[in-house]
1. Looking only at helices (runs of 4 or more DSSP H) that lie completely in region 216-314, which have at least 3 residues being over 24 Å from THR103 (Cβ atoms)?
2. With the requirement that a residue be part of a helix (DSSP H, G or I) and either touching a residue at least 40 places away in the same chain (Cβ under 8 Å) or buried (at least 20 other Cβ atoms within 10 Å of the Cβ) (or both), what does region 161-176 give you?
3. What residue, of ALA114, ALA119, is at negative phi, surrounded by fewer than 18 Cβ atoms within 10 Å (Cβ to Cβ) and in a helix (DSSP H, G or I)?
4. For ARG179, are the conditions met, namely being within 30 Å of VAL10 (Cα to Cα), open to solvent by 60 Å² or more (accessible area, probe 1.4 Å) and outside any helix (DSSP H, G or I)?
5. Scan region 285-337 for residues that are more than 15 Å from LEU367 (Cα to Cα), open to solvent by less than 20 Å² (accessible area, probe 1.4 Å) and among the β-branched types (Val, Ile, Thr) and jot them down.
6. Applying the selection to region 203-212, what residues are open to solvent by less than 50 Å² (accessible area, probe 1.4 Å) and either in contact with a strand residue (DSSP E or B) (Cβ under 9 Å, 6 or more places away or on another chain) or not in a loop (DSSP other than H, G, I, E, B) (or both)?
7. Any idea how many residues of region 203-243 are without any contact (Cβ under 8 Å) to a residue 40 or more places away in the chain, under 23 Å from VAL92 (Cβ atoms) and among the β-branched types (Val, Ile, Thr)?
8. Given the criterion closer than 30 Å to ASP165 by Cβ and part of a helix (DSSP H, G or I), identify the matching residue among GLY61, GLY46, GLY66, GLY27.
Amino acid sequence: MGVVAAVLLVLSAVRVFAGATDLTSSGTVQAALTAAVPLAMAALAGMWAERAGVINIGLEGMMVLGTFGAGFAGYQWGPWAGVVFGLLLGVVGGLLHAVATVTFGVDHIISGVAINLLAPGLALFLSKLYFADAPGGGQKQSPRVDDAQKITIPGLSDALGTVEDKRWFFVSDVAGMLRGLVTQVSLLTVLAALLVAGSVWLLWHTPFGLRLRSCGEAPVAAESLGVNVYKYKYLAVTASGAFAGLGGAFLAVSSGQFRDGQTGGRGFIGLAAMIFGNWRPGGLAAGASLFGYTDAMALRGSAAVHALLLLLGIALVVVAVLQLRSGHHVLSSVAAFLGVLFGFWYFSSDAVPAELVGAAPYVVTLLVLGLASQRLRPPKLIGEPYRRGQGK
C-alpha cells in the first residue's frame, strides 16, 4: 500500500505542476483498462506455457487468430460469440505449437516464429474471403462488432465524480482513478481480472499447478513421481493459446471490429510484461497496466505525452536508485542518464512531436520493464527438449 500511495502522490504532484488533468482522470483509467487487458492476457498466456517449460513467442500470431475469430463470429452472432470463437482459434494455435514442440521436438523459437508468420497471412486471406462482400466489411476488416456489456456501480461513481471535479491535490486524483475502476467497466475486463486471480490460485495453490510447474523445473523428477509430463505440457500450451486468443478477441470486440495488423506487436510486449513480472500473475498484471496507462495517455494527444516525459524521468531516477541499492551499477547508471535526459526534454520543450506520440506506449513500457527487472528467475528447464523416459 505504501508503494501505491507513493505512486499516487507523484502522479498528483506532476498533474498539478504540469497542469495535465488527464494523468489521473477517470477517462484515462477507463482507457488504460481497455488497453491493458489484451496485453495482460498475452502475458498470462506466455506464463502458462513457460511455467511448463515451453517457450511461446507465437503469442502474437495466436492473438491475430483471436482478433479474426472475434470479427468473424462477433458481427454475426454477437460479442460473446466472437469472444468464444476467438478463444477457440487461439486454442488451435496453441495446439499446433504443442504438437510441434512437445511431440516432435521442434525448436520452440522456430515453432513460435512460424505461427507468427502464418497467422497474419491466414487471417488476411480469410478476411478477404469472408468480409470483402459483407455489409460494412472490407478486404482487411470485418463488419462492426457490438461491444460487450459494461457495468457501473451506481451512487459510488457519481460521488467519486463529484470529488474528482474539485481538483483537490491527491484526494481528487485518488477519486478519479477509483471512479475509472467502477464506471463503464466491460464485463470482459472483469473476466480478465478473474482469470489472473484464478491463475494465482490454480498454479500456486493446487496439486494441478504444482505438477504443471514441475514440468518446467524438473520434468524427469516429475515423471519419476508419476506425473504425465506430456499431458501437462499440452494442457499448459493449449491454455496459453486460449489466453492469447482471448486477448486478441478482446482487442477486436472493444474496438468494434477486426482489422488487419490490429495486434500491433502486443504479443511481444506481453512477453516483456511476463518477464518483468518474473513469471508470476501479479507482476505481469503490473507490467500490462503500465502499458495500458501509457497507451491511454498517448490517446490523449501530444500535451498528455509531454507531461508523461516528466513522469517517466522521475520513474527512471527512482529505478536508478533502486538498482544502485541492489548493486546493479550499470543498470543504475543507464536509468539515471535516461531519467535526466527525459527531464531535460520536458523542461526544454512545450510539446512532443506527433510522430512520437503513437510510439510512446512501447518506448515507455520497454524502458521501464527492461531497466527495473531484477533477480529474474525463469523456470529452470524452459525451452529444453524433453522425451518421455529420458531419465532412465
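The values are calculated or read from the model by the stated rules, or taken from the named source; none is laboratory data. Every value quoted in this text rests on a predicted model; they were computed, and no experiment measured them. Counting neighbours? That spans all protein chains shown, and the Cβs are built from the backbone with ideal geometry, glycine included. Surface areas here come from the heavy atoms of the whole protein model, side chains and all, with no ligands, DNA or RNA. Shrake-Rupley method; radii C 1.70, N 1.55, O 1.52, S 1.80 Å.
1. Correct list: 229-255, 266-276, 281-299.
2. Scanning region 161-176 gives GLY161, GLU164, SER172, ASP173, VAL174, ALA175, GLY176.
3. Just a single option satisfies the conditions, and that option is ALA114.
4. no
5. VAL305
6. Matches in region 203-212: LEU203, GLY209, LEU212.
7. So the answer is 0.
8. Result: GLY27 is the single residue among GLY61, GLY46, GLY66, GLY27 that is closer than 30 Å to ASP165 by Cβ and part of a helix (DSSP H, G or I).
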